[in-house]
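Here's the structure we're looking at; comments come further down.
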Amino acid sequence: MDDPAPKGPRPAGGLPRPPGPLRRLVRAGGALLVARAEFASAELALARAQLMRWLGLALLALLLGLLGLLSLTALVTLLLWPALGWGALLLPAVVYVGGGVWVLRRLMHEVATAPPLLHETLQELMRDRDALRRAMGGAADGAHDPGSPSNPHNPRPGDAT
């Protein structure tokens, strides 16, 4: 009753296991993806904490600034009312609108020049991709990238043919 089949665990489905180097490559790739996902998660947590801190400080500054501005406006209006009448109310209104426009333009500039979300994580993933391409035999020219513009056999969706 000798069984010619090899002894040892077989995966479910009865297929033989992949060779050792391929298994190690898949494990290493999986571990790399998990590490990058953890890095992205940590970066998002830091960004969220920083955003909440900035939001709290901005709201406090806004509250205190508005209270001070209200007091100053009332004082200026009372002092200038005998000389300017309604102009005493128009002057602070023009200053406030001008300040609001300036703040809005600055905000739009900062949003336009801010780095994209997860910038560091994306940079790490690109470095990993390049390292894997070098390790796999130098596909750095994009020939193996199906969405690469240099691959005429498989253009990106929406590209002109």
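No lab work stands behind these numbers, since they all come straight from the coordinates. Remember, it's a predicted structure, so these values are computed and weren't measured experimentally. Reconstructed Cβ throughout: ideal geometry from the backbone, glycine too, with neighbour counts over all protein chains shown.
Of the peptides 107-120, 76-89, the order by per-residue mean of other Cβ atoms within 10 Å, starting with the highest, comes out as 76-89, 107-120. About its Cα centre, the dipole of the stretch 66-142 is roughly 120 debye, where the only charges are +1 on Lys and Arg Cβ and -1 on Asp and Glu Cβ. One quarter of the convex hull surface built on the alpha carbon atoms of the stretch 21-135 amounts to 9.5 nm², the projected area averaged over directions.
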